[in-house]
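All remarks here apply to the structure that follows.
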Amino acid sequence: MKRITDMEPRISRRRLLGGVATLAVAGGMGWYAAGRGVFDDRRGAPFAPWTALRGERGRGLIELVRAAVLAASPHNTQPWLFELHEDRIDVFSDPSRSLGDMDPFGREMHIGLGCAIENLALAAGSMGWTPRVELGAGRLPLFEAQPSRGAGSAAAPPIRVATVRLEPGGAESPLARAIAERHTNRGPYGAQRVPAAALRELSSLNEDRASLEVVWLERPDQRELFAAHTLRATEIIARDASMIEDSDAWFRLTPEAVRTHRDGLTYDVMGLGPLLTTAVKLLPRPSPERMHDDWLRVTRDVHLAGDPITGVIVARDRYDLGATLRAGRLWQRMQLWATARGIAMQPLSQVPEVIDRERQLGRAPAMERSFADALRLGDWQPTMAFRLGHAVRAGVPGLRRAAEDVIRAS
Ligand SMILES: Cc1cc2nc3c(=O)[nH]c(=O)nc-3n(C[C@H](O)[C@H](O)[C@H](O)COP(=O)(O)O)c2cc1C
């Protein structure tokens with residue numbers, strides 16, 4: 001029979017080895033999890049622009065660019081460049097930041113540019129200037145270019161789309177205070193509906209009634225038709241290899257991609273909630289097909305679940321440059337107004353995207369006709385579709401390049 005003292009060291013050794021193994025696995029998992037960005041806390045340089053904006057007088061024109069870079073843009077492409085002059089800022093599109101076949105005419109790109117122009121103009125008011133915004137005219141440059149796959153290649157030079165002249169004076173807008181608080185919210189929204197009075201106020205932010213209109217889908221039958229078309233459009237996109245490839249190019253799913261690019265979409269902004277966000281970060285990167293299948297599921301089960309109030313910004317001509325930039329200014333203003341009142345918003349752009357794609361490929365405009373007939377839009381053309389509501393979880397800041405990175409030498 002073995003004495004207790006003989007056994008002791010062996011048990012201890014086994015325990016010790018077990019402990020070491022557990023630590024090694026936990027340490028390895030921790031290292032792996034850290035490498036996948038599980039512990040990233042949305043601080044660091046790619047998020048610094050959200051706290052860099054002071055909006056005080058006397059900080060120079062770069063402060064206006066700090067406001068502009070916090071604007072919304074499709075897939076967070078940040079397709080902007082700014083040229084600073086003594087009394088004006090010229091705003092350029094950066095065609096190398098095109099979404100390719102997801103946005104073949106650059107329509108969404110120019111909505112994003114309009115969003116940046118709006119932030120810039122609002123911040124100018126707070127900082128003691130009266131902004132005079134001059135927008136480019138004509139048709140969208142990429143529309144004129146008869147795009148094919150890869151339109152907006154890196155070789156295409158920046159194009160000036162607007163000039164914001166700055167004169168002394170300035171009236172502060174309460175909307176300017178929401179610039180650094182606004183985030184697209186892709187999570188679930190609660191059952192409480194945004195009251196009709198708020199929808200009317202949002203519509204009243206539209207200063208260009210001749211070329212733009214906000215259509216609200218308040219009745220259940222209208223919302224159902226909107227949801228059916230959005231799901232159908234999502235399916236079409238998820239089966240279009242070229243669209244999903246161009247979309248996928250803007251996903252930043254590793255800490256390294258986040259650090260290097262400071263643009264595009266991360267797991268954190270997808271509104272999945274803390275547990276699911278951690279889980280997806282630990283999994284290997286999904287294929288573009290898998291990613292877009294999941295997007296279809298989330299569109300159905302989260303974005304359109306609970307029958308949210310939806311809306312559409314419609315244009316007389318959705319390929320008119322000025323109207324598209326103004327649609328962007330309106331969209332940004334609506335989000336800022338909503339942010340100040342605790343209302344969440346999320347674009348659901350699939351229908352307008354499929355309409356562009358049909359036109360690019362020379363197909364019959366099936367989606368355009370069906371959507372316009374179903375929602376009785378007449379001659380108005382959808383350019384920005386979205387939902388709004390009271391979010392269950394707060395939206396989170398996305399990646400941003402610094403103002404200094406988007407200033408062009410004049
Ligand atoms: C023209 C345009 C289209 C967009 N379409 C979608 C969309 O279909 N789905 C979505 O979740 N977000 C959409 N967005 C939101 C952007 O992805 C978002 O603005 C960007 O990632 C930056 O994040 P932020 O708005 O939280 O700052 C769109 C934004 C713009 C300007």
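The values are calculated or read from the model by the stated rules, or taken from the named source; none is laboratory data. Predicted, not measured: the structure shown is a model, and the values here were computed from it. Cβ atoms come from the backbone with ideal geometry, glycine included; neighbour counts cover every protein chain shown. Each accessible area value is taken on the protein alone, full model and side chains, heavy atoms only, with ligands, DNA and RNA left out. Shrake-Rupley method; radii C 1.70, N 1.55, O 1.52, S 1.80 Å.
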#### Entry: Approximate spin-label separation T260-R160, in nm, with each point projected 7 Å along Cα-to-Cβ
3.5 nm
### Summary
Using alpha-carbon positions, the gyration tensor of the range 310-410 gives root eigenvalues a ≥ b ≥ c; with a/c under 1.5 called rounded, otherwise prolate if a/b exceeds b/c, else oblate, the class is oblate
### Task
Can you grab the distance from the C-alpha centre of the range 272-317 to the C-alpha centre of the range 185-225, Å, no decimals?
20 Å
### Summary
To the nearest Å², the heavy-atom accessible area per residue of the chain with 1.4 Å probe amounts to 45 Å²
### Query
Between H390 and A364, what is the label-to-label distance in nm when each label sits 7 Å out along the Cα-to-Cβ direction?
4.6 nm
### Query
What does the convex hull of the Cα atoms come to per residue for the chain, in Å³?
179 Å³
### Query
In terms of the ratio Rg/(2.2 N^0.38 Å) built on C-alpha atoms, what value belongs to the range 297-344?
1.44
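Over the range 196-389, consider all pairs of different Cα atoms and compute the Kirkwood hydrodynamic radius from their mean reciprocal separation; express it in Å, one decimal.
17.9 Å
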### Task
Could you please state how large a percent of the accessible area of the chain is carbon and sulfur, counting protein chains only and using a 1.4 Å probe?
55 percent
### Task
Taking the Cα centre of the chain as origin, work out the dipole magnitude from +1 charges on Lys and Arg Cβ and -1 charges on Asp and Glu Cβ, in debye rounded to 20.
1600 debye
## Note on the structure
Only helices counted: for the chain, with every DSSP H run of 4 or more residues adding -39500 (n - 2.57) and the sum spread over all residues, [θ] at 222 nm is -13000 deg cm²/dmol
